[in-house]
Amino acid sequence: MARSLICLCLTGQTLEEDLDIANEYRAYIDIVELRADFLTEDERLRIREFPEMVKMPCILTIRRICDGGRYSDGEGARTALFARALAFAQQDSRKNFAYVDFEEDFQVPSLEDAAMAFGTKIIRSFHDMENPVDNVAEKIRALRLTGYEISKVAFMPHGLSDVTSLFQEASQFRGTEQIVCAMGEFGLPSRILAAKFNSYLTYTSPAELLENLSVIGHCDPKTLEQSYRFRSISARTRVFGITGYPLKVTASPKIHNEKQRQLLLDSVYIPFRSETAQEAFDFADALGMLGYSVTIPHKESIIEYLDWTDEKVKKIGACNTVIKSGKEWRGYNTDCTGFSRSLVEFVEKATGKIGIDGMKVSVIGAGGASRAIVYALKELGANVCVFNRTSMKARKLAEQFGFAWAGLGADSISKISEYSDIIVQTTSKGMGITEDSDESNDPLWFYEFTGKELVYDVIYEPEQTPILKRASLCGCKTCNGYTMFIYQAILQIELFMQSYTEATAPRDRASIKRMINVLLNSMGLEKI
C-alpha cells in the first residue's frame, strides 16, 4: 500500500467557507471531504460545483444523524442530493467527485453505476458511534462488494485495548485499500499511525472547526504533519510514546519529535491514552514500540510489567520511562534528576543560594510524581514534610525516606508554616485550569502565603496554575514544572536513542550513534 493520505473534513455552512479552509490547509493535505450534511439547505443544491472550485481530490459525504452526521431530511431526499452531485459528469475527472461515501445499508444501483461510469470511487462505510467492532477484518471483507470499492470501518473504542485489537487485525489488510479508524479519546494512535494500521487515509479537521466533530476525536492536519511528520511514517517507522490517563495536556510529543527530527531518525513519538498500565503495556508490546514515557496514574503500577528496573526505580517505587532492550522491557526514573536540576536552578535564581541543603520543604501530595521528588529532596539534603489528604499515604512515603508527614487540611497550617522555605505542589490539581484559586483547583487553598515561601508546582500547563497565581500575588517567588519537564525529557531521549540504536540494522548504527552523541553533547549529557 502507498503511504496513507491526509483527508481534511470540511464542515462549514457554505461552499465558500469550505473552500477558504481547504486553501488554508492545502500544503498539509491530499484530499478533502465535503460534509454536505453541514451545509445550509441552499448550499447543498450547489455541491456539484465544489470539485472544480477546490481543485483537488474530493470525497462527497452526506452523513445521517445515526452515523454521526447532521442530515435529517430522509433517505429519499438524500438519494436525490447524491444524484444531483454525481450528475452531468465532466470529461475532465478532476472536475468530478473523486470519491463518494455510501454507508453499508445505502445501496442504490443507479447511483453506484453512475459513480463507476465516471471514475468516482465508492467508499463503502460502516460506523458504530458507541461501541467497538469485534472482528474488523471480517467486516472489511463483507463491506467490499466489488474490487472497485474502498471499505471503511470507524468505531468508538471503550478503551485502549480495542485500539490494540484493531492494530493486530490490521496485518490482514495488506495489499488492499481500506479505511480503518478508532474514534474518540482513545483512537488518536490509529489516526497518527494510519500507515501502520494499513489505512488508505486518515481524517482530520481544521483547528477552527474541531468542535464540529469533537466526539470523533480528529486532529488538525497542520499538527499531524508538523508535530508527527505523518507523511514520513511507514510500516518501518519506529514508535515511541507517552501514556497515562486522562493525558489531556502534554508537551512531550512536541519536544521528542523535534529531537528525533534533528537526529534524522525514522521514528515518531505519540500519545496513547490508557486507563490501566496493563492496557498501555499490551499496546506498546503489540506495536513493537521501542520505548515510552509514563505519567499519572501509572508510574507505580507499570513496574510489575517490567523485566528490569534501575536503582532509582527500586528506591523511589515509581517509573516514568520504559524502553525495550533486546527482549526485555526496562524501567527508569528521570523525574528525580529533572526535578533536582530544575529546583536548584530556581532556588539559586530566587535567593542566590547554591543548593538547598538544610532547607525545610513541604511536599504536597504522595502519589507517583511525589515519590521521585521526595527522593530527589533527600539526595539534595533537604528537611521534608509530606502532606496528603490520605494521611496514611503521606506517612508511608515519608517514613520510607526518614521524613515527617501530616494530613492535608486546615489543621495542618502550622506544620506547613514550619516547613515553608520551599513548598512543592505535586498533585494534578490545577492542571489545565486558568481560573483563580479555589478549593477545587488549589490543594493549599486554606493556607495564607506570607510572601517568603518559594513555591514550585510540577504542573506546567497552564504556565501559572491557580496556586502559583495566588502565591505570586502574595509576593512569593514561583516556578512551574516546565524546566523539570525539559530536563527529564532530555534524559528520556538519551534512553530512547539507546533503544533505537540497538534495534537498527548494524550498518546504520555507527552513523546514528555519531548524530546522537552530537545532540547529547549539545545538551550537556554523557555520550552513549
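At-a-glance table
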| quantity | calculated |
| --- | --- |
| Index of the failed condition, Pro462 passing every other in (1) surrounded by 19 or more Cβ atoms within 10 Å (Cβ to Cβ); (2) in contact with a Ser or Thr (Cβ under 6 Å, 6 or more places away or on another chain); (3) of a type outside the set (A, V, I, L, M, F, W, C) | (1) |
| Test for Ile47: is it within 21 Å of Leu201 (Cβ to Cβ), more than 33 Å from the chain's Cα centre (by Cα) and at pLDDT 95 or above | yes |
| Any hit, region 376-384, residues being buried (at least 21 other Cβ atoms within 10 Å of the Cβ), modelled with pLDDT of 95 or more, over 21 Å from Thr478 (Cα atoms) and within 36 Å of the chain's Cα centre (by Cα) | no |
| Enumeration of residues in region 6-50 that are surrounded by 24 or more Cβ atoms within 10 Å (Cβ to Cβ) and part of a helix (DSSP H, G or I) | Asp18, Ala36, Phe38 |
| Tally of residues being part of a helix (DSSP H, G or I), at pLDDT below 90 and either among the hydrophobic types (A, V, I, L, M, F, W, C) or more than 28 Å from the chain's Cα centre (by Cα) (or both) across region 494-512 | 9 |
| Among (1) under 18 Å from Ala366 (Cβ atoms); (2) touching a residue at least 40 places away in the same chain (Cβ under 8 Å); (3) touching a Lys or Arg at 6+ places or on another chain (Cβ under 9 Å) - the single one Val424 does not satisfy | (3) |
| Failed criterion for Tyr482 (all others in (1) aromatic (Phe, Trp, Tyr); (2) open to solvent by less than 60 Å² (accessible area, probe 1.4 Å); (3) at pLDDT below 95 hold) | (2) |
| Any hit, region 446-456, residues being over 23 Å from the mean Cα position of the chain (by Cα), small (Gly, Ala, Ser) and surrounded by 22 or more Cβ atoms within 10 Å (Cβ to Cβ) | no |
| Criterion violated by Lys429 - all others in (1) open to solvent by less than 50 Å² (accessible area, probe 1.4 Å); (2) under 24 Å from the mean Cα position of the chain (by Cα); (3) of a type outside the set (Asp, Glu); (4) at pLDDT below 95 satisfied | (1) |
| Out of Asp73, Asp105, sole residue that is surrounded by fewer than 17 Cβ atoms within 10 Å (Cβ to Cβ), assigned to a loop (DSSP other than H, G, I, E, B), acidic (Asp, Glu) and under 36 Å from the mean Cα position of the chain (by Cα) | Asp105 |
| Flag for Ala142 being open to solvent by 40 Å² or more (accessible area, probe 1.4 Å) and among the small types (Gly, Ala, Ser) | yes |
| Output for region 465-475, where each listed residue is assigned to a loop (DSSP other than H, G, I, E, B) and open to solvent by less than 10 Å² (accessible area, probe 1.4 Å) | Thr465 |
| Strands (runs of 3 or more DSSP E) within region 189-294 that include 1 or more residues under 22 Å from Ile490 (Cα atoms) and modelled with pLDDT of 90 or more | 238-244, 267-273, 291-294 |
| Residue within region 132-144 that is within 22 Å of Arg63 (Cα to Cα) and of a type in the set (Asp, Glu) present | no |
| Any chance Leu111 is within 32 Å of the chain's Cα centre (by Cα) and at pLDDT below 95 | no |
| Per-region count, region 298-332, residues in a loop (DSSP other than H, G, I, E, B) and either open to solvent by 10 Å² or more (accessible area, probe 1.4 Å) or touching a strand residue (DSSP E or B) at 6+ places or on another chain (Cβ under 7 Å) (or both) | 11 |
| One residue from Ser417, Ser412 being open to solvent by 50 Å² or more (accessible area, probe 1.4 Å) and small (Gly, Ala, Ser) | Ser417 |
| Pair list, Cβ under 6 Å, 6 or more apart: region 66-81 residue under 17 Å from Phe126 (Cα atoms), other residue of a type in the set (A, V, I, L, M, F, W, C) and open to solvent by 30 Å² or more (accessible area, probe 1.4 Å) | Gly68/Met129 |
| Test: residue in region 124-133 that is farther than 21 Å from Ile31 by Cα, surrounded by fewer than 24 Cβ atoms within 10 Å (Cβ to Cβ) and in contact with a Gly (Cβ under 7 Å, 6 or more places away or on another chain) | yes |
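Yes or no, residue by residue, for (1) on the phi > 0 side of the Ramachandran plot; (2) touching a helix residue (DSSP H, G or I) at 6+ places or on another chain (Cβ under 7 Å); (3) free of Cβ contacts under 8 Å to residues at least 24 places away in the same chain:
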| position | (1), (2), (3) |
| --- | --- |
| Thr202 | no, yes, no |
| Ser205 | no, yes, no |
| Glu208 | no, no, no |
| Glu211 | no, no, yes |
| Val215 | no, no, no |
| Arg238 | no, yes, no |
| Ala251 | no, yes, no |
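The values are calculated or read from the model by the stated rules, or taken from the named source; none is laboratory data. The structure displayed is predicted, hence computed values, not measured ones. So basically every Cβ, Gly included, is an ideal-geometry build from the backbone, and we count neighbours across all protein chains shown. Accessible surface areas use protein heavy atoms only, side chains included; no ligands, DNA or RNA. Shrake-Rupley method; radii C 1.70, N 1.55, O 1.52, S 1.80 Å.
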